[in-house]
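Notes follow once the structure below has been shown.
The values are calculated or read from the model by the stated rules, or taken from the named source; none is laboratory data. In this text, all values refer to a predicted model and were calculated from it rather than measured experimentally. Heads up, the Cβs are rebuilt from the backbone with ideal geometry, glycines too, and the neighbour counts pull from every protein chain shown. The accessibility values were calculated without ligands, DNA or RNA, using every heavy atom of the protein model including side chains. Shrake-Rupley method; radii C 1.70, N 1.55, O 1.52, S 1.80 Å.
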Amino acid sequence: MPDLLRFITCGNTGDGKSTLIDRVVIEAKQIFEPRPSAVGNNSPQAEGRFDFGVLPCRLQRVQETSIDGVDRVFSTVSRRFVTADTPADDQETRSTTIGAFNAELGVILVDACKGVLVQTRRQSRILALFGVNHIVLAVNKMDMVGWDRSRIEAISTEYRAFADGLGFSSVAVIPLSALTGANVATHAGEMPWYGGPSLLGYLDTVRVRDISSLGEPVQSSDQFEARLLWIGEHPMVAGRRYIVKIHTQEVSGSVSAIRYRLDFDTGSHLAARRLCSDEIGVVNVSLDHPGPFTPHAENPRLGAFVLIDNATHQTVGAGMIDFALRRAANLHWQQLSVDKEARSLLKHQTPRCIWLTGLSGSGKSTIANLLEKQLHGEGLHTCLLDGDNVRHGLNRDLGFTEADRVENLRRIAEVAKLMVEAGLIVIVSFISPFRAERGFARSLFAEGEFIEVYIDTPLEECERRDPKGLYAKARAGRLANFTGIDSPYEHPENPEVGLKTTGRSPVECAEALRAALRRIREPGTAA
């Protein structure tokens, strides 16, 4: 059984990449076998050249599609090949990164007339970043420069100087003409000065690590640093929850921090609070419980992961793990003698998190305050967390960007969890505009402990009330990122309580909410 080489082909628009790939596959319909005459010290092999005979060979296509289409599979007598074709379009970063995930070698096409371009450097940086250690710089259209040796030497010198800083294990520069077939499969007579292999000759003999033969994951951690390509339509912000698929396991987790974003035109590290579609960053990932992995440098197959959106179940990110964060190994749960049940029994109540969400001006704070007065009057132990009040203390360092809103709700959800652990009935009154963050909050609690209450007040009514004058400022352009105006509010899809406020007084709304809570489960019963 021939061994397998997975490689990725990259190129720029007009450089002839499609022509080259078609030529490679056509030429590969013939099994390569050295001619009997190619022996002795004066043979092409002795000079470092390759001259192959022709025999029939199998050509097939993979049925499994990738993000950018169908990979091609072909073979010679000694090796099978899978090549991922990455189109040069507005999703070049995405397609190059996805193609690099399972590749051991990269073929980067360069037009001999144009030389090394910005796109060539960008593609090289992406391949280096995602662990493709062997590079073939295929300099195409040598026929258009008259097979000029000085041209290939200049391109080779420039590229090697650039690639030296990327850490590739090997770089081969091969001049060829995809249009004429020169040096694609057999040595080109038009370039007698070239003593290296043809492109297929090189691919057929180059030695790379066979990642498919490597073993199972050797580490387990719940925090690690990784390189992440974001492909979701909505920007990625730190703290939002996703399904993290590593190896064969799926774990709930989040990107806890964005260390920096990469500029592939310059190689610079840029400060970033979010990643937009087709941007790549170095990030910290945090999981709810440890997952198995091997660092990508040791095994690309076992060091890869994807992020899946909790709501849509679409893949929104793909990354490669660099290493586990040391602090993850130093943290352990401390077993406590007094637990939530013991605290609840002492208070003679069942702890709950009652989470009120709705637009600004919907009446959340007023209803929450009245609800707490009712519960307190019934002898229950409560605590109310109000959005504005919390921003005067715990969250005073946060603004109103999407990233800050995500962190704002993450902190409040964790605080609410601690309060429930203390046996309290905690009432949370926050706009909490994003379903993902409300879903994260719910995930922190046991079944039945989290009650989502949608304060359903139309935007027009909220604007009419406008108790703080915020809608007027937002409409006038003096208040950015205001929910309902220039920042979205995602309505709850299945709240435990939907409370319409139109035509009701705040007292009536609070009484209706209390009645609804009794129907769900009496908060005052013994735990």
Practice problem: Write out, first by first residue and then by second, each pair whose Cβ atoms fall under 7 Å of each other, whose residues are 6+ apart or on separate chains, and whose first residue, in the stretch 429-452, is within 20 Å of residue 510 (Cα to Cα) while the second is assigned to a loop (DSSP other than H, G, I, E, B) and charged (D, E, K, R). | Solution: 451/496; 452/496
Quiz item: Here are some residues: 317, 291, 239, 281. Which one is open to solvent by less than 40 Å² (accessible area, probe 1.4 Å) and at pLDDT 90 or above?
Solution: 281
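Residue-by-condition table, conditions (1) part of a helix (DSSP H, G or I); (2) open to solvent by less than 50 Å² (accessible area, probe 1.4 Å):
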position: 346; (1), (2): yes, no
position: 356; (1), (2): no, yes
position: 361; (1), (2): no, yes
position: 375; (1), (2): yes, yes
position: 392; (1), (2): no, no
position: 395; (1), (2): no, yes
position: 407; (1), (2): yes, yes
position: 414; (1), (2): yes, no
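Among the candidates 507, 453, which residue alone is open to solvent by 20 Å² or more (accessible area, probe 1.4 Å) and among the β-branched types (Val, Ile, Thr)?
507
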Practice problem: Scan the stretch 416-426 for residues that are of a type in the set (A, V, I, L, M, F, W, C) and open to solvent by 50 Å² or more (accessible area, probe 1.4 Å) and jot them down. | Solution: 418
Quiz item: Restricting attention to the stretch 132-178, which residues are open to solvent by 60 Å² or more (accessible area, probe 1.4 Å), more than 20 Å from residue 99 (Cα to Cα) and out of contact with any helix residue (DSSP H, G or I) (no Cβ under 6 Å at 6 or more places or on another chain)?
Solution: 144, 148, 149, 150, 153, 157, 158, 160, 161, 164, 165
Quiz item: If residue 380 passes every condition in (1) more than 24 Å from residue 467 (Cα to Cα); (2) more than 36 Å from the chain's Cα centre (by Cα); (3) open to solvent by 20 Å² or more (accessible area, probe 1.4 Å) but one, which one does it miss?
Solution: (3)
Quiz item: Has the stretch 466-475 got at least one residue that is over 26 Å from residue 414 (Cβ atoms), among the basic types (Lys, Arg) and either outside any loop (DSSP other than H, G, I, E, B) or under 36 Å from the mean Cα position of the chain (by Cα) (or both)?
Solution: yes
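Yes/no per residue for (1) touching a strand residue (DSSP E or B) at 6+ places or on another chain (Cβ under 6 Å); (2) at pLDDT 95 or above; (3) over 14 Å from residue 110 (Cα atoms):
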| position | (1), (2), (3) |
| --- | --- |
| 158 | no, yes, no |
| 168 | yes, no, yes |
| 181 | no, no, yes |
| 185 | no, no, yes |
| 189 | no, no, yes |
